[in-house]
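The values are calculated or read from the model by the stated rules, or taken from the named source; none is laboratory data. The shown structure was predicted, so the numbers you read here are calculated from the model rather than taken from an experiment. No Cβ is skipped: glycine too gets one built from the backbone with ideal geometry, and neighbour counts run over all protein chains shown. Heavy atoms of the whole protein, side chains included, go into the accessibility calculation; ligands, DNA and RNA do not. Shrake-Rupley method; radii C 1.70, N 1.55, O 1.52, S 1.80 Å.
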Number of protein chains: 2
Amino acid sequence: MVRQTFTIGASPVHSPTTHYSPLTTHPSMTNPVLVEITRGPLIESVHRGAIAVSDAKGRLRMAIGDVHRAIFPRSALKPIQAVPLIESGAAEKFALSDEEIALACASHSGEPQHTTRIAAWQARIGCSVADLACGPHRPLHEPTATAMIRSGERWTPLHNNCSGKHTGFMTLARGLGVPVEGYQQVDHPVQRLVEATLTELAGISGPLPWGVDGCTVPNFALSLAGLARAMAALADTRDLTPSRADACKRVIASMKSHPELVAGTGRPCTQLMQQVPGIAVKTGAEGVYIAILQDLGFGVALKIDNGAGRAAETLIASVLIALGAVRDEGAAYALAHAPVLNTRNVQVGQRRVVANLLR
Amino acid sequence: MVRQTFTIGASPVHSPTTHYSPLTTHPSMTNPVLVEITRGPLIESVHRGAIAVSDAKGRLRMAIGDVHRAIFPRSALKPIQAVPLIESGAAEKFALSDEEIALACASHSGEPQHTTRIAAWQARIGCSVADLACGPHRPLHEPTATAMIRSGERWTPLHNNCSGKHTGFMTLARGLGVPVEGYQQVDHPVQRLVEATLTELAGISGPLPWGVDGCTVPNFALSLAGLARAMAALADTRDLTPSRADACKRVIASMKSHPELVAGTGRPCTQLMQQVPGIAVKTGAEGVYIAILQDLGFGVALKIDNGAGRAAETLIASVLIALGAVRDEGAAYALAHAPVLNTRNVQVGQRRVVANLLR
């Protein structure tokens, strides 16, 4: 259970409604400062944002800031984007492994452990890197990038952190018997299925506003309350149809079994899932983080107003600690109290959640 | 002159006082949203902050947000940190070139054009990379970093973007006849002189709060109003002693003559100074930017609350345009309206200053 004192900063809102309307599309409400960055005696920078914790019935168990404004979940949407891959039967048809499901949910670091698995998976469904709609970018894993520069190898769309998700979309297209080409278009059956799954899990009605994600596929906007509810549905599948419940359970089990594939060496998502059993977490660009807490049956969704990943990392770790999900020090504590270092690696400041926000 | 309509968002405050007290040290006032990042139909992220435009007498010509709170100028302090190097006679004693003065004011990209000049300068004062207190980091110029990786070369403190500033400090120590070692300590004569120069130019009294900068030297905190006034003093030197006025003029002339040395290839500071004659600009970490406008006799200082460089770049370009300093499209317009691109280099959103803020 969430502790009662978990409400400082904003009162918990218990919303029995299944719609979060009006969905505000402009940040008119001022969200509170959630994370501070100190340097010496001063607070140098601050990050505002909002957090929603929901159960699967859409009851908000905690709300700080404006949780009804439309936000883009970005890559935090990936666990939900993977649900139709399984629910449709495509994953079974192509005998996807848990590793491959984890990669479909990943913002991976472009390490060989990621790219070799995705390339092999593509070959199995009769596709290749040439079918990927996403563009190339430098691998997030710096030693991999350095090794590639040394050997003269160029990064390709396979190194794009979203290439596993895209391969999941291509697999879903194959399973549906529709063309792979154009899978990134919003009116392609793959994306129609993603939007329908999202709206049903979030308990909202579509069509949803959408924008083009960094990797070229549609990213559907919804409220943090809706996103947290959708994540809660993945944690607590009792109200879902059996086939969807099975799909949701497989997504979470795959992420939990292969945290190193969901992100990569040293990355916060990987470290948090390695440390904390029973949870799945996923970051998204522009300061988004979600957590799926099976023990509590809760979903967490947060966004930093200004899009800063450093603040989102600090905040999700602090929320997991405050919710009692973290039982020992380790990655979560390190993230929640990350030092600010100078170029001689001496601590000169600290990241921290604002005093009394979460307790 | 600043246009009258330049006041939307906050009324201009004409402050004849020379002290900005009380100097607030906690962000209790909520600064307005200044920069928005859009994606598709939505505003995805927002950046709050404050802007001060001052003349050399400390009269605020524009103030948006809390311009009295203490902030760290970070590398935007460099033009002022270079003043005692010249005023003390050290620059003359060691026959520093305008290029070397520009490098003392630089957050350079670690390109050969920067590091070779700084290494030669160090040799001339009997110092070397081993005397630098700053730590090593990857050159900001990616092709330089890539070439170094290919050739197996390691980055050293010379590649630290602050190595020119540090070499200026070492030159100042030599000029003062004090030990170079320990120049990064707050009680070293070099840093005492920096703080005294800053307080005098800003029209405030010390001692100032300070923290350790990324490059290990003290960074002194003051208000944006004070920082803008200090920059105005560099633009309009009429009230300074002749030796300080000459030093300030030489700093600005050096920056303007060598914009490629103050930052580097493709960097905003370099591009803005190349495009706009008569101005000097300097970025600082954690969302700081300053501008020195000699034609108007104004100093500009801004900080983004959350420390985002993308927002600071967009905002300084927009302020320069609004102040009439930019006479043609080019780098300033490109920065003020920077597109958000996906990994296929297709525009999916935009950075922009909030409507009606500056006009």
Item to complete: Answer yes or no: is there a residue in the stretch A:68-86 that is more than 20 Å from A:L208 (Cβ to Cβ) and modelled with pLDDT of 95 or more.
Response: yes
Worksheet item: Looking only at the stretch B:341-359, which residues are in contact (Cβ under 8 Å) with a residue 24 or more places away in the chain and within 9 Å of chain A (Cβ to nearest Cβ)?
Response: B:V348, B:G349
Fill in: When residues of the stretch B:166-214 are limited to those that are more than 19 Å from the chain's Cα centre (by Cα) and acidic (D, E), the one surrounded by the fewest Cβ atoms within 10 Å (Cβ to Cβ)
B:D187
Worksheet item: Looking at the stretch A:93-103, is at least one residue within 20 Å of the chain's Cα centre (by Cα) and open to solvent by 30 Å² or more (accessible area, probe 1.4 Å)?
Response: yes
Item to complete: Kindly provide the set of residues from the stretch B:139-159 that are at the interface with chain A (Cβ under 9 Å from one of its Cβ atoms), in contact with a Gly (Cβ under 9 Å, 6 or more places away or on another chain) and open to solvent by less than 60 Å² (accessible area, probe 1.4 Å), ordered by number.
Response: B:A145, B:P157
Worksheet item: Which of the residues that make up the stretch B:47-67 are within 14 Å of another protein chain (Cβ to nearest Cβ) and open to solvent by 10 Å² or more (accessible area, probe 1.4 Å)?
Response: B:R48, B:G65, B:D66
Worksheet item: Out of all the residues in the stretch B:28-46, which are open to solvent by less than 20 Å² (accessible area, probe 1.4 Å), at the interface with chain A (Cβ under 10 Å from one of its Cβ atoms) and part of a strand (DSSP E or B)?
Response: B:V35, B:E36, B:I37, B:T38, B:R39, B:L42, B:E44, B:S45, B:V46
Practice prompt. Check the stretch A:215-229 and report whether any residue there is in contact with a Leu (Cβ under 7 Å, 6 or more places away or on another chain), open to solvent by 10 Å² or more (accessible area, probe 1.4 Å) and not polar (S, T, N, Q).
Written response: no
Practice prompt. Please determine, by comparing only the residues of the stretch B:305-324 that are surrounded by fewer than 22 Cβ atoms within 10 Å (Cβ to Cβ) and small (G, A, S), which one is nearest to the other protein chains (Cβ to nearest Cβ).
Written response: B:G309
Discussion item. Conditions first: (1) part of a helix (DSSP H, G or I); (2) surrounded by fewer than 20 Cβ atoms within 10 Å (Cβ to Cβ); (3) among the basic types (K, R). B:K256 passes all but one, so which condition is the exception?
Written reply: (2)
Worksheet item: Has the stretch A:274-285 got at least one residue that is crowded, with 22+ Cβ neighbours inside 10 Å, within 14 Å of chain B (Cβ to nearest Cβ), within 13 Å of the chain's Cα centre (by Cα) and at pLDDT 95 or above?
Response: yes
Worksheet item: Tally time: how many residues in the stretch B:332-343 are out of contact with any strand residue (DSSP E or B) (no Cβ under 9 Å at 6 or more places or on another chain), open to solvent by 20 Å² or more (accessible area, probe 1.4 Å) and among the aliphatic types (A, V, I, L, M)?
Response: 1
